[in-house]
Amino acid sequence: MDLPSKRECLEKIKPYVPGKPVDEVKRELGLQEVIKLASNENPLGPSPHAREAMQKALQEVCLYPDGNCFRLKTVLSERLGIQNEQLIIGNGSDELLKLLSETYISYGDEVVLPEPTFAEYEFAARIMGGIPRFIPLNQDFEIDLEAMRDAINEKTRVVFLCNPNNPTGTIVRHRQLYNFIRDLPSRVIVVLDEAYSEYASDPYFPRSLDLFELGKPLFIMRTFSKIYGLAGLRIGYGIGSPTLISDISRVKEPFNVNHLAQVAAEAALKDDLHLAHSRTLVEESRRQVALGLEKMNLIPVPSYANFYFINIKVDSQKAFSLLLQRGIIVRTGDVFGYPTYIRVSFGTLKQNQLFLDALKDVLEELAGKENTC
Ligand SMILES: Cc1ncc(COP(=O)(O)O)c(C=O)c1O
């Protein structure tokens, strides 16, 4: 059948290949338990308050959700000390990226982004015909703001920054970021993705809301998918000036965020205890996993997030398959341009230990194979 040709810019987009569902992996490999440490989710699950709120709201799903997410915006704006008009709620922060690029990126516009970083920035730019300019991280795996500034020209429309950065977990600090944004021309929008910011305990981690005082176009994105444990509901939020938010809202669908997601997010926000537990677990996990890796002579990139990027010094695809056979799913580094690295999310302390034991096993098996070759 003849089809009209698709838009040219889509040629460069590789469709996202989702990982296999855990149940499918169990069935295929005949495993009782499979531990997914590949998407930086919260192993503690959602807050009990969020579960309760969803139970109560089940009866209401016959109605369309509130297209303006008024209650959630009100709770968020009170907590953040901003106005409702500075907020937009998205079907995950993924949707917010798309809305931003649909609003501001035209064919041939350039976007500047670190490499490696979260893949959706490139996707968001490309669907609108934007041209990504990738700026390698520095030797400490940190975002190189100076090189990013040098890459900005009159065609640049958007700069993407991920803080902490996915997949490395490294951060940029307040003063650096402040100076970077201060010196940008006002036609360039800075997208600051803080999906993992709740885990970054560094005293110099940016107080990102203070950056609005610079009067530059800034869009901060946060999500309920990570520390709040609501990834399956798809909900995140963006913060910008009322004008930027009103511009982005033009391309938003009327009912983009479902009702259960809205009530769960509102309840989750109020559960400080769940947040504190989740944070403590990640801090303990960082120590536990670093120590376990040290025993294998491996050193992860120092991380401020809930995952480690680790050079395991062997082909990560091979290690991935062997880990999978042992019921552990991680992310291979080849997709980020680092074929001997893996990115592993922290699980519960028990799951972390199972990962460490499995990795030790796998590395021994691969070393054995190499010796016999
Ligand atoms: C840096 C970063 N931003 C955004 C997201 C997506 O978040 P959401 O689930 O809200 O779409 C992820 C998910 O992996 C991420 O790593």
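The values are calculated or read from the model by the stated rules, or taken from the named source; none is laboratory data. Given the structure is predicted, the values throughout are model-derived calculations rather than measurements. FYI the Cβ positions are ideal-geometry reconstructions off the backbone, even for glycines, and counts take in every protein chain you see. All accessible areas refer to the heavy atoms of the entire protein, side chains included, with ligands and DNA or RNA removed. Shrake-Rupley method; radii C 1.70, N 1.55, O 1.52, S 1.80 Å.
Per residue, the accessible area of the chain comes to 49 Å², computed with a 1.4 Å probe over protein heavy atoms only.
Summarising the amide proton neighbourhood of Ile131: residues at separation of 5 or more, or on other chains, whose placed amide H is nearer than 5 Å comprise Gly108, Asp109, Glu110, Val111.
Kindly flag which residue pairs out of Lys36/Lys56; Lys216/Lys270; Lys20/Lys318; Lys56/Lys98; Lys36/Lys360 have an alpha-carbon separation exceeding 24 Å in this structure. Mind showing how you got there, number by number?
Working: Lys36/Lys56 29 Å; Lys216/Lys270 31 Å; Lys20/Lys318 17 Å; Lys56/Lys98 32 Å; Lys36/Lys360 18 Å.
Among Lys36/Lys56; Lys216/Lys270; Lys20/Lys318; Lys56/Lys98; Lys36/Lys360, the Cα-Cα distance tops 24 Å for Lys36/Lys56; Lys216/Lys270; Lys56/Lys98.
Shape analysis of region 154-310 places it in the oblate category; the axes a ≥ b ≥ c from the Cα gyration tensor give an a/c of at least 1.5, with a/b not above b/c.
Along region 328-336 the Karplus relation, 6.51 cos²θ - 1.76 cosθ + 1.60 evaluated at θ = phi - 60°, assigns HN-Hα couplings of 10, 10, 10, 9, 7, x, 4, 5, 9 Hz to successive residues, with x for each Gly and Pro. Placing pseudo-labels 7 Å out from each Cα toward the beta carbon at Lys360 and Tyr16 gives an inter-label distance of 3.6 nm. Region 226-267 and region 65-120 have Cα centres spaced 7 Å apart.
Overall, the anisotropy analysis places region 226-327 in the prolate class: the square-rooted eigenvalues a ≥ b ≥ c of its C-alpha gyration tensor yield a/c not less than 1.5, with a/b exceeding b/c. Could you name the aspartates and glutamates in cross-link range of Lys295, using Cα to Cα under 16 Å and dropping any fewer than eight places away on the same chain? Of all the aspartates and glutamates, those that pass the test against Lys295 - Cα under 16 Å, at least 8 places apart if same chain - are Asp357, Asp361, Glu364.
Distance from the Cα centroid of region 318-335 to that of region 298-317 is 13 Å (rounded to whole angstrom). Here the spin labels are modelled as points 7 Å beyond Cα on the Cα-Cβ line, and at Leu3 and Lys350 they lie 4.6 nm apart.
Couplings 3J(HN,Hα) of region 297-305, computed from phi: 6, 10, 10, x, 5, x, 10, 9, 10 Hz, in residue order, whole Hz [Karplus 6.51 cos²θ - 1.76 cosθ + 1.60, θ = phi - 60°; x for Gly and Pro]. Cα centroids of region 19-53 and region 336-371: 19 Å apart.
The HN-Hα couplings worked out from phi for region 150-165 by the Karplus form 6.51 cos²θ - 1.76 cosθ + 1.60 (θ = phi - 60°) are 5, 7, 7, 9, 5, 8, 6, 10, 9, 10, 9, 10, 10, 9, x, 7 Hz, whole numbers, x standing for Gly and Pro. Model label sites at Glu60 and Tyr204, defined 7 Å from Cα along the beta-carbon direction, differ in position by 4.5 nm.
At R0 = 25 Å, how high is the FRET efficiency between Glu283 and Glu115 if r is their beta carbon distance? Nearest 0.05 is fine.
Values: r = 29 Å, r/R0 = 1.14.
Once rounded, the FRET efficiency stands at 0.30.
Assuming charge only on the beta carbon of Lys and Arg (+1) and of Asp and Glu (-1), the dipole of the chain about its Cα centre is about 220 debye to the nearest 20.
Quick one: pull the percent of accessible area on region 116-254 belonging to carbon and sulfur, 1.4 Å probe, ligands and nucleic acids left out. Write out the running numbers ahead of the final one.
Working: 2530 of 5320 Å².
That share works out to 47 percent.
Rounded if a/c is under 1.5, else prolate if a/b is larger than b/c, else oblate: which is region 1-70, with a ≥ b ≥ c the root eigenvalues of its Cα gyration tensor? It comes out oblate by the Cα gyration axes.
Using the Cβ-Cβ distance between Asn258 and Asp140 with R0 = 30 Å, the FRET efficiency computed as 1/(1 + (r/R0)^6) comes to roughly 0.15.
Taking amide H as placed 1.01 Å from N in the peptide plane, the amide H of Ile328 sits under 5 Å from that of Ile35, each at least 5 places away or on another chain.
The slack between Glu154 and Leu80, meaning 0.36 nm per residue of separation minus the straight C-alpha distance, is 23.3 nm. For the pair Ser241 and Arg173, a Förster radius of 30 Å applied to the C-beta separation gives a FRET efficiency near 0.80, rounded to the nearest 0.05.
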